[in-house]
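Report on one structure; see the data block that follows.
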Amino acid sequence: MQYLSTRGKTAPMQFSDVLLMGLAPDGGLMLPESYPQIDDATLNKWRSLSYADLAFEIMQRFATDIPKADLKDIIDRTYTVQAFGKADITPVRTLKDGIKILELSNGPTLAFKDVAMQFLGNAFEYVLKQKGERLTIIGATSGDTGSAAEYALRGKENIEVFMMSPHGKMSEFQRAQMYSLMDKNIHNIAIEGMFDDCQDIVKALQQDAEFKAKYSLGTVNSINWGRILAQIVYYFKGYFASTENNSQKVSFCVPSGNFGNVCAGHIAREMGLPIDRLIVATNENDVLNDFFQTGKYTPRTADKTYVTSSPSMDISKASNFERFIFLLTEKNGEKLSELWTDVNSGKGFDLADLLGDVQQKYGFTSGKSTHADRLATIKAVYESDNDLLDPHTADGVKVARDVRKDGEVIVCAETALPAKFAETITEAVGQITIPRPAHTQNIESLEQKVVVFANDAKLVRGLIEQNVEAK
C-alpha cells in the first residue's frame, strides 16, 4: 500500500514513513492511494471477531510494510482488558428511544482518542526501533487528544512530547490529566489563545522543513494517518454490534470539530461498510455544519471561535477536512491546493455545486447543538435512561434525534466519560455523584507541571531546542 499527499507533490510513501511524519512535505495530508474494498463474505467472517483480531484484519491492509506477526503483536498489546477495562473494547448500548451509543471512552484517559492513541504509542515505538531513529512529537489539543497522547507516549523510548493547549479553556479534569504527568519526556505548553492558535503553531513548525528534519518532528493530532486508521476499526465493530446481518444499514452520528473521527467513518463507508448516513454534529462552532448544509466552508479566526461547554469541539478550522475534499474534488491536488490557499487567507471556499455528491454519493448530513441543547439532552437522557452523557456526546444525541428518519438506526459515537465535565453535568442534572474510575480519583489535587506561552511559534521552537538534541 502506497500513500499519497492531498497536495499531489510528495513522492509515494510506505505506511511506516507516513506514521512518523505528520504533515506531508508539500503541506498536505497523507492518504492511501486507494481504499481496500471489503465484500459481503469478508464482512461475514469479521462479524464474530474479537476487537484485536478485527483491528489486525483491517490494519494489515494498510500497514503492508510491517511484518504481519509484528503488527499482530502491536495490536494485541494495545487492545487489552487491562488498558480498556472491557474485553470488547468498544461496546454498544441502546437508549430507550432507540438511539445507540458506541462506547469509545473506556481507555486510560476516558476519551475516544485512547482507542487510536494507545495503538499509536506502541506503533511509534516499534517503527522507531526498527529504523534506529527518535521522534519529537508536537501536538495541539482542545481537551482530549493531549492526555490520550501523553498517556500513550509517557516513558516511551526515543520520543519527546510537546503538547499545546489553549490556556484556561479546558475543564479542570482535562488540565489535571495532562499537567499532573511528571515524566521527563512530557512537556505541556498552555498557549494564550484558542485551539486553532495551537494547531497553527503545530503546522508552522511542521512546515519548516529544516527545523522539522533537524528535530525529527512528528504529530499525534488527527492529521496523523495512524490515528485515522485505528479509528476505522471501531466503525466496523460498532456496525456489527448494531446489526444482525449485512443487509442492514446503520447511520453514525459523530460529534465533530476537527473532522478526524468522522473522517474514519467516511473511509469505512468507502471500504464497503453498510453505512447509510454520516451525521456531523457540531456545537456553536458550526463551520462544518455550514458546509454540509450549504457547500460553503468559511473557517473563522480564533477570536471568532466560541468557548463552549463541549470544549473539544471548539474548533473553527477542521484539519482533517482536507482528506474528504480531496476525494470530493476527484483527487485533484492542484485544485485542493488552491482551495486551501483560500482557506489560509480567511476567504474559504464554496462547493455548493458539489453538495449533491456530498449528501447523496458520500452520505453526509449535519446538525448543530447549543449549550442549552446539550444541557437539556443530558437531563432528558438521565431522567429517561439513568444514563449520563458527556456534553459532546449529548451534542451528538441531540442532532441524531433532530435528523433521524423513520426506521433509521443511528449509532452515536461517544466522545468521553461525563466525569471529565463535572461542572456541565451538575448544571444539567443537579448535584449528583458522577462515577469516575479509581485511577482518576482526586486527580485535580495532584501537583501540575506546565509552562504558559504567548501565541508565538518561536517560543515553542525555543523550548524544543532547549530539550531535544538536534541531528
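The values are calculated or read from the model by the stated rules, or taken from the named source; none is laboratory data. Remember, predicted model here, so these are calculated numbers, not experimental data. When we count neighbours, we look across all protein chains shown, and the Cβ atoms used for this are built from the backbone with ideal geometry, even at glycine. Note: areas computed on protein heavy atoms with side chains; ligands, DNA, RNA excluded. Shrake-Rupley method; radii C 1.70, N 1.55, O 1.52, S 1.80 Å.
Brief remarks follow.
- Count of the range 84-109 residues which are touching a strand residue (DSSP E or B) at 6+ places or on another chain (Cβ under 9 Å), part of a loop (DSSP other than H, G, I, E, B) and modelled with pLDDT of 95 or more: 8
- Note on the range 351-377: residues that are more than 27 Å from Pro311 (Cα to Cα) and either modelled with pLDDT under 95 or of a type in the set (Asp, Glu) (or both) amount to 2.
- When the range 145-176 is filtered for residues that are acidic (Asp, Glu) and touching a Leu at 6+ places or on another chain (Cβ under 6 Å), only Glu150 remains.
- Looking across the range 52-68, the residues that are assigned to a loop (DSSP other than H, G, I, E, B) and open to solvent by 50 Å² or more (accessible area, probe 1.4 Å) come down to Arg61, Thr64, Asp65, Pro67.
- Selection from the range 209-233 of residues that are in a strand (DSSP E or B) and of a type in the set (Gly, Ala, Ser): Gly218
- Only residues that are in a helix (DSSP H, G or I) and open to solvent by 20 Å² or more (accessible area, probe 1.4 Å) were counted in the range 123-167, giving 6.
- Residue in the range 459-468 that is crowded, with 18+ Cβ neighbours inside 10 Å and over 30 Å from Ile138 (Cα atoms) present: no
- Only one of the numbered conditions (1) assigned to a helix (DSSP H, G or I); (2) surrounded by fewer than 15 Cβ atoms within 10 Å (Cβ to Cβ) is not met by Arg401, and that is (2).
- Test: residue in the range 373-396 that is β-branched (Val, Ile, Thr), under 24 Å from Arg175 (Cα atoms), open to solvent by less than 30 Å² (accessible area, probe 1.4 Å) and part of a helix (DSSP H, G or I): yes
- Looking across the range 1-12, just one residue is buried (at least 19 other Cβ atoms within 10 Å of the Cβ) and of a type in the set (A, V, I, L, M), and that is Leu4.
- Residues of the range 267-298 satisfying the condition of being buried (at least 21 other Cβ atoms within 10 Å of the Cβ), free of Cβ contacts under 8 Å to residues at least 60 places away in the same chain and assigned to a loop (DSSP other than H, G, I, E, B): Asn285
- Selection within the range 416-453: residues that are among the β-branched types (Val, Ile, Thr) and in a helix (DSSP H, G or I). The member of this set that is surrounded by the fewest Cβ atoms within 10 Å (Cβ to Cβ) is Thr426.
- Matching residues in the range 179-208 - criterion: being assigned to a loop (DSSP other than H, G, I, E, B) and closer than 15 Å to Glu150 by Cβ: Ser180, Leu181, Met182, Asp183, Lys184, Asn185
- Residues (open to solvent by 20 Å² or more (accessible area, probe 1.4 Å), within 18 Å of Arg134 (Cα to Cα) and among the aliphatic types (A, V, I, L, M)) located in the range 169-227: Ala209, Ala213
- Restricting attention to the range 336-356 and to residues that are open to solvent by 80 Å² or more (accessible area, probe 1.4 Å) and not in a loop (DSSP other than H, G, I, E, B), the residue that is nearest to Lys9 (Cα to Cα) turns out to be Glu338.
- Close pairs from the range 414-430: first modelled with pLDDT under 95, partner assigned to a loop (DSSP other than H, G, I, E, B) and among the β-branched types (Val, Ile, Thr), Cβ under 7 Å, at least 6 apart: Ala419/Ile434; Ala422/Ile434
- Just one residue in the set Thr301, Thr243 is open to solvent by 10 Å² or more (accessible area, probe 1.4 Å), out of contact with any strand residue (DSSP E or B) (no Cβ under 8 Å at 6 or more places or on another chain), over 27 Å from Tyr3 (Cα atoms) and not acidic (Asp, Glu); that residue is Thr301.
- Failed condition for Lys317, given (1) more than 23 Å from Gly226 (Cβ to Cβ); (2) open to solvent by 10 Å² or more (accessible area, probe 1.4 Å): (1)
- Near pairs, Cβ below 8 angstrom, 6+ apart or cross-chain, from the range 102-113 (within 17 Å of Gly396 (Cβ to Cβ)) to any residue that is β-branched (Val, Ile, Thr) and part of a loop (DSSP other than H, G, I, E, B): Leu102/Thr90; Glu103/Thr90; Leu104/Thr90; Leu104/Thr415; Ser105/Thr415; Ala111/Thr415; Phe112/Thr415
- Within the set Leu31, Leu71, Leu49, Leu20, the sole residue that is open to solvent by less than 50 Å² (accessible area, probe 1.4 Å), closer than 14 Å to Gly226 by Cα and free of Cβ contacts under 8 Å to residues at least 40 places away in the same chain turns out to be Leu71.
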